[in-house]
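Only one structure is covered here, and it is reproduced in the block below.
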Amino acid sequence: MYALVASGFTLILGVIQVFNFSQGHFYMLGAFITYAVVSSLGLPYPLAVLAALLGMAILGAVMYFAVLRWTIPSGFFHTLLVTVALGSVISQTSLLTFGFNDRVVPAVVTGSVRAGGIGVSGSRLVVIAGAIIVMMALNYFMRTKMGTAMLASAENRDVAGLQGINTNQIFWVTMAVGCGLCGIAGALIVPVLSASVNMGMGIFTRVMMVVLVGGMGSMSGALLAAFIVGVIESFAYQIVGEMSLVVIFVFVAILMFFRPGGLFGKPLPVPGDY
């Protein structure tokens, strides 16, 4: 889940140069959409996952056309504040709609698999398999003509425009893909962790750590960094409990001292500076 949300965030930041502070809220909405489709409409879980993916992709595109395209010319920090405001609106609207209570989706796969004294529930295996499939699909998409145009726009949007790339089209597609990844991540995790209005900020904090460790713009870096951060957090939780996030901060601080650009990235300029 860290890898999926971090990949979407990295894609948006690299291509559009928008620090989407509301990224975690799309993850939360994806979980609630899945709950609503399964519990209220009674539809199968795979259709709920598809609904979360499409719903967040459409919302991301709407967010670009309605707000971001008008604020991007004003600069990086203006757009950052807008995403903060949008995140607050989404959070409060979700709170009024769903309340404080967690919403639970029944387990997709019952039972567990045991190997070498380690047991993994069927629902967690679905999460792992689903995340791997989505990351493979994303890797294939980034090799297509549209994906190549995204990478070109991330490298230099002015030169990409001179080569005939429609950057306006690239931007809204990027928002759709980046937010869609969050939606499907929320849909995959909801049978395991349930849906709550606070889950968005929780994962957003960890995604920031993943992006710093892996390096901005690196999909492979996001995947490896997500695994590293997840393992560190899991082991640290067994030792220091709720202070496990502090352990991650310390690890990231040490890594940034020796590799400011992360494992696969370069030291980053302030977005918007050329």
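The values are calculated or read from the model by the stated rules, or taken from the named source; none is laboratory data. Everything quoted here is computed from the prediction, not taken from an experiment. Virtual Cβ from ideal backbone geometry, glycine too; neighbours counted across all protein chains shown.
Is at least one residue of region 117-125 within 19 Å of LEU188 (Cβ to Cβ), touching a helix residue (DSSP H, G or I) at 6+ places or on another chain (Cβ under 6 Å), not hydroxyl-bearing (Ser, Thr, Tyr) and not in a helix (DSSP H, G or I)?
The answer is no; no qualifying residue exists.
Among the listed residues MET209, MET216, which satisfies the condition of being in contact with a helix residue (DSSP H, G or I) (Cβ under 6 Å, 6 or more places away or on another chain) and not in a helix (DSSP H, G or I)? Break it down into steps so the answer makes sense when it comes.
Working: MET209 fails: not in a helix (DSSP H, G or I).
Going through MET209, MET216 in turn, just one is in contact with a helix residue (DSSP H, G or I) (Cβ under 6 Å, 6 or more places away or on another chain) and not in a helix (DSSP H, G or I): MET216.
Check whether at least one residue in region 178-193 is assigned to a loop (DSSP other than H, G, I, E, B), modelled with pLDDT of 85 or more and surrounded by fewer than 20 Cβ atoms within 10 Å (Cβ to Cβ), and report yes or no.
Within region 178-193, the subset assigned to a loop (DSSP other than H, G, I, E, B) is none.
Checked region 178-193: no residue is assigned to a loop (DSSP other than H, G, I, E, B), modelled with pLDDT of 85 or more and surrounded by fewer than 20 Cβ atoms within 10 Å (Cβ to Cβ).
Among the residues of region 181-199, which ones are within 15 Å of the chain's Cα centre (by Cα) and small (Gly, Ala, Ser)?
GLY183, ALA185, GLY186, ALA187
So, in region 229-274, of the ones that are within 30 Å of ILE72 (Cα to Cα) and small (Gly, Ala, Ser), which residue ends up modelled with the lowest pLDDT?
Filtering first and then ranking leaves GLY272.
Has region 159-170 got at least one residue that is buried (at least 18 other Cβ atoms within 10 Å of the Cβ), touching a Ser or Thr at 6+ places or on another chain (Cβ under 6 Å) and touching a residue at least 40 places away in the same chain (Cβ under 8 Å)?
yes
Starting from region 139-154, keep only residues that are under 18 Å from GLN17 (Cα atoms), then list their pairs with residues that are β-branched (Val, Ile, Thr) and assigned to a helix (DSSP H, G or I) whose Cβ atoms are within a distance under 6 Å, requiring at least 6 positions of separation or different chains.
ALA149/ILE170; MET150/VAL15; MET150/ILE170; MET150/THR174; SER153/VAL15; SER153/THR167; SER153/ILE170; ALA154/VAL15
It is to be established whether one or more residues within region 37-48 are among the aliphatic types (A, V, I, L, M), part of a loop (DSSP other than H, G, I, E, B) and over 25 Å from PHE227 (Cα atoms).
We begin by selecting, within region 37-48, every residue among the aliphatic types (A, V, I, L, M); these are 37-38, 41, 43, 47-48.
Filter once more, so that each one left must be part of a loop (DSSP other than H, G, I, E, B): 41, 43.
When the remaining residues are screened for being over 25 Å from PHE227 (Cα atoms), the result is 41, 43.
The answer is yes; a qualifying residue exists.
Would you be able to say whether some residue in region 200-213 is within 24 Å of THR79 (Cβ to Cβ), of a type in the set (D, E, K, R) and either surrounded by fewer than 23 Cβ atoms within 10 Å (Cβ to Cβ) or over 12 Å from the mean Cα position of the chain (by Cα) (or both)?
Scanning region 200-213 turns up at least one residue that is within 24 Å of THR79 (Cβ to Cβ), of a type in the set (D, E, K, R) and either surrounded by fewer than 23 Cβ atoms within 10 Å (Cβ to Cβ) or over 12 Å from the mean Cα position of the chain (by Cα) (or both).
Within region 131-144, identify whether any single residue is of a type outside the set (Ser, Thr, Tyr), more than 28 Å from ILE203 (Cα to Cα), modelled with pLDDT of 85 or more and assigned to a helix (DSSP H, G or I), and answer yes or no.
No, region 131-144 has no match at all.
Output the residues belonging to region 190-219 that are more than 27 Å from SER121 (Cβ to Cβ) and hydroxyl-bearing (Ser, Thr, Tyr).
Once the filter is applied, which keeps residues that are more than 27 Å from SER121 (Cβ to Cβ) and hydroxyl-bearing (Ser, Thr, Tyr), region 190-219 yields only SER218.
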